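Everything below concerns the one structure shown next.
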Amino acid sequence: MSKPITSINDFVVKFANVNGSGSASANTLFAKSILRMGVPVATRNIFPSNIQGLPTWYEVRVNEAGHIGRRGGVDLMVAMNPQTWAQDVASIDPGGYLFYDSTKPMPPSRFRDDINIVGMPLTEICNRTYTDPRQRQLFKNIIYVGALSALLDIDASVIESLIGEQYKGKDKLMAPNLQALHMGRDYAQKEIAPIGLKVRHADRVGDRIFIDGNSAAALGAVYGGATVAAWYPITPSTSLAEAFMRYCRRYRTDPDTGKARYAIVQGEDELASIGIVIGAGWNGARAFTCTAGPGVSLMTEFLGLAYFAEIPAVLFNVQRGGPSTGMPTRTQQADIISCAYASHGDTKHPLLFPEDPRECFEMGAMAFDLADRLQTPIFVMLDLDIGMNEWLCHPFAWDDSKRYDRGKVMTYEALETGKEFGRYLDVDGDGIPYRTYPGTHPTRGAFFTRGTSRDRYAKYSELGSVYVDNMQRLLRKFETAKTLMPAPVRRDAKQKTKYGVIYFGSTTPSMHEALDSLEEQGIHLDALRVRAFPFAEEVVDFVLGHDQVFLVEQNRDAQLRSLLVTESSIDPARIVPVLHYDGTPITARFIIGEIAARLGALKVAPLREVAR
Amino acid sequence: MTYLTKPKLHHPSLPTNALGLTRRDYEGSVSTLCAGCGHDSISGAIVQACFELDLPPHRIAKLSGIGCSSKTPDYFLAPAHGFNSVHGRMPSVLTGANLANRDLIYLGVSGDGDSASIGLGQFAHSIRRGVNMVYIVENNGVYGLTKGQFSATSDRGSKSKRGVANSDSPVDMIGMALLLGATFVARSFSGDKAQLVPLIKAALLHNGAAFIDCISPCVAFNNHEGSTKSFDYVREHNETVNRLDFISSRDEITADYAPGTVETVVQHDGSMLRLRKLAADFDPHDRISAMNYLQEQHAAGEIVTGLLYVDPEAHDLHDHLNTVAPPLNTLGEAELCPGSAALDKLNASLR
C-alpha cells in the first residue's frame with residue numbers, strides 16, 4: 001500500500017460520469033464552491049461526440065498557487081460510470097482515492113491495493129429516498145457533491161449559497177437540492193473515514209472571474225460592435241453563437257421598441273455563413289462567423305474573395321482535432337497554417353491567439369477594429385480547451401472613451417468635396433485604400449466589386465502589370481498589419497540564458513507553470529508569448545537573440561514554427577518543436593519533460609531530476 | 001460586343017423622370033456579351049423599370065455570382081455599387097448586405113448554372129428566409145462562358161448544339177421558389193420586354209423574396225433547332241397567364257377593362273398591380289393551385305409566363321428577426337456597446 005496522498009489546496013479530482021445524466025451542473029457546483037473559498041480551480045470537460053449514454057469526465061484541479069493548466073494524474077476519482085471503471089481505477093495516482101457507489105458489492109479484483117477505497121451506497125440511499133427515476137438520478141449527483149464536500153472540508157454554507165443563487169425564485173427546487181446536499185454530507189461525516197485531501201479557505205482568487213472562452217469571445221463581439229452574425233452549428237464553436245444570441249438579447253434590445261440591434265442567421269452551411277458575413281462587411285456592418293477547422297475549409301473560396309476584394313470579416317475558429325469525423329470534442333491548435341493561408345492564389349490572413357477567456361473578450365472586440373482598418377478577414381484562434389471550459393481569469397474591462405475604428409471609409413461629405421476616390425488606390429503608403437459603403441452618394445464613389453481583375457480605380461483589367469501592382473500593395477498592407485496586431489508578451493528568466501521558449505494560446509497556463517518549475521530546477525528560459533500573425537519584429541529578434549528556442553504547440557506538424565520559419569526566413573535549426581497533439585490539453589509535466597530531456601541532451605547544467 | 005465607348009453627352013430632348021434623370025443615367029458600361037444575347041434585353045428591362053419607378057440608382061445594390069448573367073450588373077445602373085461574388089453564392093452575400101442596410105433595394109442577378117447547379121442550396125435558403133430582394137435568374141439552359149455544356153435547367157431531351165440530347169431531369173426553379181415560400185414569383189421571356197418591365201417594377205417594390213425566372217436564349221450555344229430554350233421554341237410554347245400593368249400609387253387609373261378580366265393587387269408600399277387575366281382558371285394568390293397549374297402545363301410542353309404568385313402582405317427577413325428600423329450599418333457605440341458599468345455587473349455574476 002502506497003502512503004495515502006495528503007494535500008491541502010493542491011490536488012486533482014476527476015469525475016467519471018455518463019453523458020446526459022445531469023452530472024455537469026452538480027460537478028460545476030463542486031468546483032465553484034472551492035472557488036468561493038478563495039482557492040483557484042481549473043476545470044475541464046472531457047466529453048464524447050454524443051448527447052446521451054457515452055462516458056464523460058470532468059476534471060477539477062485545485063491549486064492554491066494558481067496554476068490553472070491541466071496537471072495530469074488523478075488524486076481523487078469519483079467513479080460514477082461502470083462503463084469506464086477499469087480505466088478510471090487505473091488512472092488514479094498511487095496513494096490516491098477512489099470514491100464509488102458501493103450499493104452493489106464488487107470483487108476485490110476490480111480494485112487496486114495501492115489506492116484508498118471510499119465506498120458510499122449512493123444508489124441505495126437514492127432508491128430509499130426517491131421514487132421518481134429522474135429524481136433518483138439527479139439527486140444522486142447532489143448527494144455525492146455533499147459527501148465530497150464533507151470529506152474535503154468544503155464549507156457547507158458556501159454550497160448552500162450557490163444553490164440559493166442557482167434556484168433563486170424557484171423555492172420548489174431549492175429545498176430538495178439542499179436536502180440532498182445535507183443527506184450526502186451527513187452520511188459522509190458519520191460513515192466515512194477522513195481522507196488526506198483538504199480544501200482550506202485562502203484568499204487567492206481575488207476579483208478573478210470564472211467563464212468559458214466562447215462566451216467571452218461572444219461578449220467581445222457585442223462590445224466590439226458586431227451587428228450581423230451568421231453561423232452553422234459545429235462543435236466546439238456552437239456555444240459562441242449561442243452566447244452571442246444570449247448577450248444580444250440582454251444588451252442589444254432597443255429599450256423603447258423592443259427591437260433587435262443585431263441580426264443573427266443560422267446559415268444552411270459554412271459557405272452561406274461566411275457569404276452573409278462578407279455581404280454585411282461589404283455593406284458597412286460589423287459581421288462575424290464562428291466555426292471550427294472543417295468549417296474554415298468550406299469557407300476558403302470566399303476567404304480568397306474577401307482577401308482580394310478587401311472586405312472586412314471576423315472569424316472565430318474554435319480549433320479541435322480534425323477531420324469532420326475526427327475528434328470534434330478534443331482540443332488542438334492545428335488550424336494555424338490552414339487559416340493563415342486559407343484560400344487560393346497568394347493569400348494570407350491575420351490571426352489572433354487569445355490565451356484565456358479574458359483575451360477572447362479583448363481580441364473578440366479588437367478583431368472588428370482590425371478587420372475594418374485592414375479591410376480583410378481576421379481570425380480569432382481559440383481552441384476547445386479555452387472555448388468550452390470555464391477558466392479562471394482576470395475580469396473583463398472596457399474603456400468607455402474608446403471609439404470604434406471604422407477604418408478608411410469615404411463619406412458623402414468627402415465625396416462631395418471632390419476628393420479623389422479609387423477603391424484600390426493607396427493614397428498614404430500604408431497599402432490600405434479607401435472604400436465607400438453602397439448607397440453613399442448619387443454620382444460618386446460607386447464601384448464594382450470583383451476579385452483581382454481590376455485596376456486601382458476598380459475598372460476591369462486583366463493586365464499583368466495591374467495585377468502585380470495590386471499584389472504588391474496587398475503586401476504593403478500586410479506589413480502595416482504587423483504594426484497593428486497585439487505585440488508579443490515577453491517574460492525573461494531570472495538570469496541570463498541562451499535558451500528561449502515561444503508559446504501561444506491555451507498553452508499559456510501550463511507553460512507558466514513549467515517555467516516556474518524549470519526555474520526551481522535551475523533551468524532558465526526566456527519566454528515569449530506570440531499573440532498574433534503576422535509576427536512582430538520582436539518575435540524574430542527573440543529567436544535570433546537565443547542559441548536555441550523551443551516552440552511549444554498543440555499540433556503534430558509544428559505549424560507555428562513553419563509559419564515563423566517561412567515568413568521570417570529564420571534558420572529552422574534554431575527552433576526546436578515541442579509538440580503535444582493527443583487531443584487533451586497540454587500539461588506542465590509534458591512541457592517540463594520535453595524541454596528538460598532536450599536540454600539534457602544538450603548537456604545543460606545544472607539539471608536535477610525533473611518532476612514526473 | 002462593341003469596343004466603342006458610350007458617349008457621355010445625352011441628347012437634350014431625352015425624357016426625364018421625377019428625379020430629373022434620363023434613362024441613360026440608369027445604364028452601365030458597354031456589354032461584353034455576344035450580340036443579340038437575351039441577357040442584354042434583361043439589362044435593358046432593368047434600366048427601364050428603375051427609370052420608370054424614379055428609383056435613385058445609387059440606392060440599389062446589384063449583386064451576382066459567376067457566369068455570363070453575373071457579368072451583367074456592370075452593364076446597368078452605373079451609379080450603384082455592384083458585387084460580382086463567388087459562383088453560386090450571390091444569395092448569401094446579398095442576404096448579408098441586406099441585413100447590414102435594410103434601406104437599399106437589393107437586386108440579385110444570376111444564371112441557371114449559378115443558381116440551379118452550384119448555387120441551388122443558396123438559392124433555396126435565401127428564398128426560405130424571405131430576404132427582401134429581386135432575384136432574377138437569366139435562364140438559358142446552358143453554360144455560355146465555358147462554351148455550351150448543359151445546365152441543370154435544360155429539359156430532358158433538349159439537344160445541345162452538337163446534337164446530343166440531355167438525359168437529366170430539369171430543375172424547375174419556379175416550382176422550387178413556390179415550394180420554398182417565395183412571396184412573388186414570375187416567369188418571363190427576355191424577348192418580351194412589355195411583359196418583363198412591369199414584372200421587374202412590381203418585384204422591386206415587393207417587400208419580400210421576389211423571384212423572376214427569365215428565359216433568356218443563348219444566341220451562341222442554345223438557340224438552335226432541338227433546343228427548348230431557343231427564341232423560336234419559347235415564342236411557340238409561351239403560355240402567358242396574365243399581363244401585368246404596374247401602377248405606382250400616384251398614377252391615376254384610366255384604362256378600361258372588360259369586367260371580370262382584371263384584378264387590382266395593392267402591395268405593401270401602396271403600389272398597385274393591375275392584372276389582366278389571360279388564363280381564366282389561373283389564380284396568382286393560390287400557391288397550391290399555381291403549382292398544380294404549372295406542373296400540368298409543363299407536362300404539356302408549355303412554358304407558363306406571367307405573374308404566377310404574389311402575396312401582397314409579405315414579410316421579409318428583417319420582420320422575422322425583428323430588427324430595428326435604422327440600418328444596422330448606421331448604429332454606433334451608443335447603440336451597440338453596453339459599456340463598462342454593464343461589464344462590471346456581469347463580472348460580479350461570474351464569481
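Centre-to-centre, using Cα atoms only, the range A:60-99 and the range B:63-107 are separated by 57 Å. Between A:65, A:149, A:130, the Cα set farthest toward the positive side of the dipole of chain A (charges on each charged residue's Cβ, about the Cα centre) is that of A:130.
Rounded to the nearest 20, the size of the Cβ-charge dipole of chain B about its Cα centre is 1020 debye, with Lys and Arg at +1 and Asp and Glu at -1.
If we count every other residue with Cβ under 11 angstrom of residue B:316's Cβ, Lys/Arg +1 and Asp/Glu -1, where does the sum land? Local charge sum for residue B:316: +1.
Cβ crowding within 10 Å, taken as a proxy for footprinting-reagent exposure, orders B:26, A:467, A:247, A:262 from fewest neighbours to most as A:467, A:247, B:26, A:262.
In loop segments of the range B:1-106 as defined by DSSP, the trypsin sites (Lys or Arg not before Pro) with at most 12 further C-beta atoms inside 10 Å of their C-beta are B:8. Inter-chain Cβ neighbour count for A:445-455, averaged per residue, equals 4 (cutoff 10 Å, partner chain atoms only). The calculated Kirkwood hydrodynamic radius for the range A:7-198 is 16.8 Å, given to one decimal from all distinct C-alpha pairs. Helix B:38-52 and the longest principal axis of the Cα set of chain B meet at an angle near 50°.
With just the Cα atoms defining each centre, how far is the range A:320-377 from the range A:468-491? Give it in Å. Cα centroid to Cα centroid, the span is 16 Å.
A cut-off under 11 angstrom between Cβ atoms defines the neighbours of residue B:225, and their net charge, with Lys, Arg +1 and Asp, Glu -1, is +1. Exposed loop sites, defined as GluC sites (Glu not before Pro) outside DSSP H, G, I, E and B with at most 16 other Cβ atoms within 10 Å, are absent from the longest region of chain B, namely B:1-224. Magnitude of the charge dipole for the protein assembly as shown, about its Cα centre and with charges confined to Cβ atoms of Lys, Arg (+1) and Asp, Glu (-1), is about 1220 debye.
Taking the longest Cα principal axis of chain A as reference, the axis of helix A:156-166 is set at about 40 degrees.
Counting every C-alpha pair in the range A:500-564, the share spaced more than 13 angstrom apart comes to 63%. Exposure proxy ranking for A:541, A:356, based on other Cβ atoms within 10 angstrom of each Cβ and starting from the fewest, stands as A:541, A:356. Most tightly packed first, judged by the mean number of other beta-carbon atoms within 10 Å of their residues, the peptides A:188-197, B:168-177 read B:168-177, A:188-197.
Normalised by 2.2 N^0.38 Å, where N is the number of residues, the alpha-carbon radius of gyration of chain A equals 1.07. Averaging the sequence gap over all C-alpha pairs within less than 8 Å and six or more residues apart, then dividing by the number of residues, gives chain B a relative contact order of 15 percent.
Each listed q (0.08 Å⁻¹) maps to a log10 I(q)/I(0) for chain B, found by the Debye formula over equal Cα scatterers with no solvent: -0.40. Neighbours of residue B:37 by Cβ distance under 11 Å: Lys/Arg scored +1, Asp/Glu scored -1, total -1. The orientation-averaged shadow of the Cα convex hull for the range B:1-127, equal to a quarter of the hull surface, comes to 8.2 nm².
Beyond 32 Å in Cα-Cα separation lie the following of the pairs B:229/B:277; A:477/B:8; B:6/B:159; A:259/A:419: A:477/B:8; B:6/B:159; A:259/A:419. A dipole drawn for the range A:7-198 from +1 and -1 charges on Cβ atoms has a positive end, and of A:77, A:181, A:25 the residue lying farthest that way is A:25.
A compact globular protein would have a Cα radius of gyration near 2.2 N^0.38 Å; the ratio found for the range A:211-393 is 0.93.
Peptide B:70-79 is shielded by partner chain Cβ atoms: per residue, an average of 2 of them sit within 10 Å of its Cβ. Counting only lysines at least 8 places from residue A:168 when in the same chain, those with an alpha carbon closer than 23 Å to its own are A:32, A:140, B:345. Per-residue mean of foreign Cβ neighbours for B:58-66 is 3 (Cβ atoms of other chains, 10 Å radius).
Ordered by the number of other Cβ atoms lying within 10 Å of each residue's own Cβ, fewest first, B:305, B:146, A:587 fall into the sequence B:146, A:587, B:305.
Read the figures in this text as sums done on the coordinates, not as results from a lab. All figures in this text were calculated on a predicted structure; none of them were measured in a lab. We place every Cβ from the backbone using ideal geometry, glycine too, and count neighbours over all the protein chains shown.
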